[in-house]
Amino acid sequence: MVAGLDEKLEPIYQDVLRRNPGETEFHQAVREVLETLGPVLVKFPEFAEQKIIQRICEPERQIIFRVPWQDDSGRVQINRAFRVEFNSALGPYKGGLRFHPSVYLGIVKFLGFEQIFKNALTGLPIGGGKGGSDFDPKGKSDAEVMRFCQSLMTELYRHLGEHTDVPAGDIGVGHREIGYLFGQYKRISNRYESGVLTGKGLAWGGSRARTEATGYGTIFFLEEMLKVRGDSLEGKTCVVSGSGNVAIYAIEKAMALGARIIACSDSNGAVIDQAGIDLDLLKQIKEVERRRIRVYAEEKASATYLEGGSVWTVPCQVALPCATQNELTAKDAEVLVKQGCIAVAEGANMPTTPEGIQVFLDAGIAFGPGKAANAGGVATSALEMQQNASRDSWTFDYTEQRLREIMTNIHRTCYETSEEFCARGNYVVGANIAGFLRVGHAMAALGLI
């Protein structure tokens, strides 16, 4: 990362602040990218002339709508939903739907902006978008979740299509929610257009390895970062924030590669198990029973539960932030570095604060930013789109092989780009510039649209 903005980029950032007041997460995501683009404008002055950066920072379309639904008591509830179709220079908009009380326009725009570059790094023909609602599925019955999803899709369907916009899941949106959403889309459109949503169940158009893809992909990227340094995951002690889909499958793949996972968490606290996290028990609690992480410590004698605690206080060699944005601060980063952490790979979107990233970079730690390290999920979603388009179904092993190839290529692209722009091994610089160049060149080729 670079301290401060290039003088040509400062006015662009100030304009983003003026045009998008109060959207702090979006501001952070934009600044993090702009801080690395000064050398790009020197090498490609045509991007400044064509205002490519200004155009990338402005979504092509923003959709905001109400979602009225009825709970099990017969009371009417109203939520707000969003879909930001950010950039389609490389292909149809692609990005998840998030159901969480924290969702507002600034969160969706930050996620959509990150998605532009993440999707570009995969090398697949997908643009960037994101969506969601402030609806909270926790504590809701299946019937309530279904009614909400049906109401949301009744409005959203008119903006979707396999060649237009293809949502997937995100926080709060899993197979259950995708099923209800797709069912309503099919009902309204009278088309079995399986390519219009990804993250579907295997019985109705889903892709094997999609559930595992984001977590597995994060570990594949981490493995490549360590390999460049002549190291591996074998025998490494790891901590993982979160205990949802991404965290669980990052744990699974890290274990398969010889790592020892000793801590994970949820929004209420953290569990530490020096004997190594029992993955089967964790899956039972989180995926089957949908209970809080404290239950793990109640059922495992070797585990300790820290109410309100953080995994970042636990000594480790590898840290995997897989929960949510800005969860890992500069103070946390300093503790991790002091205790011997050598690598960090982001399984979540923007989980490390800018100050935390700087601590890692200054310490020379291998740091994999989310737009590169967690691109495996959207990459496998694009593979699901390929299978749907050809009415095909691939094996788990073949899909995982394709995922590994994509993540290896992303790492290579980021590393080589960091070298080209005199920041060898800085994956923040490499990911931002490589993603930007792919989108920027496509936008320039398509003309002023």
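The values are calculated or read from the model by the stated rules, or taken from the named source; none is laboratory data. Keep in mind the model is a prediction, meaning the values are calculated, not measured. Here Cβ is always computed from backbone atoms with ideal geometry, including for glycine, and neighbour counts include all displayed protein chains. We work out accessible area using only protein heavy atoms, side chains counted, and drop any ligands, DNA or RNA first. Shrake-Rupley method; radii C 1.70, N 1.55, O 1.52, S 1.80 Å.
Checking each residue in segment 287-296 for being open to solvent by 40 Å² or more (accessible area, probe 1.4 Å) and touching a residue at least 24 places away in the same chain (Cβ under 8 Å) picks out 287, 292, 294. Is it the case that some residue within segment 425-439 is among the charged types (D, E, K, R), surrounded by fewer than 21 Cβ atoms within 10 Å (Cβ to Cβ) and over 22 Å from residue 112 (Cβ atoms)? Checking segment 425-439: not a single residue is among the charged types (D, E, K, R), surrounded by fewer than 21 Cβ atoms within 10 Å (Cβ to Cβ) and over 22 Å from residue 112 (Cβ atoms). Just one of the listed residues (103, 196, 108, 166) is crowded, with 22+ Cβ neighbours inside 10 Å and in contact (Cβ under 8 Å) with a residue 40 or more places away in the chain, namely 166. I'm checking my understanding of the structure. Among residues of segment 310-326 that are part of a loop (DSSP other than H, G, I, E, B), open to solvent by less than 40 Å² (accessible area, probe 1.4 Å) and touching a Cys at 6+ places or on another chain (Cβ under 9 Å), which one is nearest to residue 259 (Cα to Cα)? The qualifying residue nearest to residue 259 (Cα to Cα) is 316. Figure legend. Inter-residue proximity from segment 66-88: first residues over 30 Å from residue 438 (Cβ atoms) and without any contact (Cβ under 8 Å) to a residue 12 or more places away in the chain, second residues aliphatic (A, V, I, L, M) and open to solvent by less than 60 Å² (accessible area, probe 1.4 Å), beta-carbon distance below 8 Å, spacing 6+ or different chains. No pairs are indicated. Checked against (1) modelled with pLDDT under 95; (2) within 30 Å of residue 389 (Cβ to Cβ), residue 267 passes all but a single condition, namely (2). Only one entry of 390, 418 meets the criterion of being under 20 Å from residue 35 (Cβ atoms) and either in contact with a Cys (Cβ under 8 Å, 6 or more places away or on another chain) or without any contact (Cβ under 8 Å) to a residue 24 or more places away in the chain (or both), and that entry is 418.
Looking only at segment 111-150, residues that are surrounded by fewer than 19 Cβ atoms within 10 Å (Cβ to Cβ), among the charged types (D, E, K, R) and at pLDDT 95 or above come to 5 in all. What's the total number of residues in segment 119-163 that are free of Cβ contacts under 8 Å to residues at least 12 places away in the same chain and part of a helix (DSSP H, G or I)? Counting residues in segment 119-163 that are free of Cβ contacts under 8 Å to residues at least 12 places away in the same chain and part of a helix (DSSP H, G or I) gives 1. Residues of segment 21-38 that are assigned to a loop (DSSP other than H, G, I, E, B), in contact with a helix residue (DSSP H, G or I) (Cβ under 7 Å, 6 or more places away or on another chain) and either among the aromatic types (Phe, Trp, Tyr) or open to solvent by 10 Å² or more (accessible area, probe 1.4 Å) (or both): 22, 23. Name the residues in segment 265-275 that are under 19 Å from residue 351 (Cα atoms) and either touching a Pro at 6+ places or on another chain (Cβ under 7 Å) or part of a strand (DSSP E or B) (or both), would you? Selection gives 265, 266, 269, 270. Under the condition of being open to solvent by 20 Å² or more (accessible area, probe 1.4 Å), modelled with pLDDT of 95 or more, touching a helix residue (DSSP H, G or I) at 6+ places or on another chain (Cβ under 9 Å) and not in a helix (DSSP H, G or I), the residues counted in segment 237-264 number 2.
Just so you know, in segment 39-57 the residues that are without any contact (Cβ under 8 Å) to a residue 24 or more places away in the chain and in a loop (DSSP other than H, G, I, E, B) include one that is least open to solvent (accessible area, probe 1.4 Å), and it is 45. Residues of segment 405-424 that are open to solvent by 20 Å² or more (accessible area, probe 1.4 Å) and touching a Ser or Thr at 6+ places or on another chain (Cβ under 7 Å): 424 alone. Of everything in segment 297-311, what is under 19 Å from residue 255 (Cα atoms) and touching a residue at least 40 places away in the same chain (Cβ under 8 Å)? Give them in sequence order. Answer for segment 297-311, where residues must be under 19 Å from residue 255 (Cα atoms) and touching a residue at least 40 places away in the same chain (Cβ under 8 Å): just 311.
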